[in-house]
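What follows is a set of notes on a single structure, which appears directly below.
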Amino acid sequence: MTRALIALAFALTASLATAKPLAYEPAIVTLQGTLLSADGMTPDGAKLKFPAIRLAKPISAPEDEPRDWPAEKNVVLLHMALDEKNMLAFKRLKGQTVRVTGKLFHSDNGNHQTDVLIFPASITPIK
């Protein structure tokens, strides 16, 4: 039992240590993960669902000093800021593994549900 716990702890530590560093916008990034409706909360405390991607592998984002965006490490869930076209794609592909290309940005208000968000340019299924 102890050996299994040590192996599990090592595996989790190794996966967190390999978080891929990606830059905030204007850089364009490509992520892979599963689309889902995640649980969130409005600034006034009402429960809501928000469009998200659960990443296959964790990422990190460096500090962006000019915009006062802090560094974030081991990010696995991102709120997706969707335009009309990508909202349709999200609804059609929810629950599936996808590739999302877009720009990362940091939360700056109470409506943002995760510290790091993505504004997708495209969402495509992985077959």
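Take segment 39-65 and flag every residue that is touching a Gly at 6+ places or on another chain (Cβ under 9 Å), among the β-branched types (Val, Ile, Thr) and either at pLDDT 95 or above or surrounded by 16 or more Cβ atoms within 10 Å (Cβ to Cβ) (or both).
ILE53
Looking only at segment 49-65, count every residue that is over 17 Å from the mean Cα position of the chain (by Cα) and in contact (Cβ under 8 Å) with a residue 40 or more places away in the chain and tell me the total. Give the derivation first.
Taking segment 49-65 as the starting set, the residues that turn out to be over 17 Å from the mean Cα position of the chain (by Cα) are 64-65.
Now restrict to residues that are in contact (Cβ under 8 Å) with a residue 40 or more places away in the chain: 64.
Summing the residues that are over 17 Å from the mean Cα position of the chain (by Cα) and in contact (Cβ under 8 Å) with a residue 40 or more places away in the chain in segment 49-65 gives 1.
Can you spot a residue in segment 89-101 that is at negative phi and in a loop (DSSP other than H, G, I, E, B)?
yes
Of everything in segment 17-38, what is within 15 Å of ASN74 (Cα to Cα), polar (S, T, N, Q) and either buried (at least 16 other Cβ atoms within 10 Å of the Cβ) or under 13 Å from the mean Cα position of the chain (by Cα) (or both)? Give them in sequence order.
Result: GLN32, single match.
Regarding segment 66-86, can at least one residue be identified that is closer than 18 Å to ILE126 by Cβ, in a strand (DSSP E or B) and among the basic types (Lys, Arg)?
Looking for residues that are closer than 18 Å to ILE126 by Cβ, in a strand (DSSP E or B) and among the basic types (Lys, Arg), one finds none in segment 66-86, hence no.
Would it be correct to say that LYS103 is modelled with pLDDT of 95 or more, surrounded by fewer than 16 Cβ atoms within 10 Å (Cβ to Cβ) and closer than 30 Å to LYS127 by Cα?
No, not satisfied.
The values are calculated or read from the model by the stated rules, or taken from the named source; none is laboratory data. It should be emphasised that the depicted structure is a prediction, and the values quoted were computed from it without experimental measurement. No Cβ is skipped: glycine too gets one built from the backbone with ideal geometry, and neighbour counts run over all protein chains shown.
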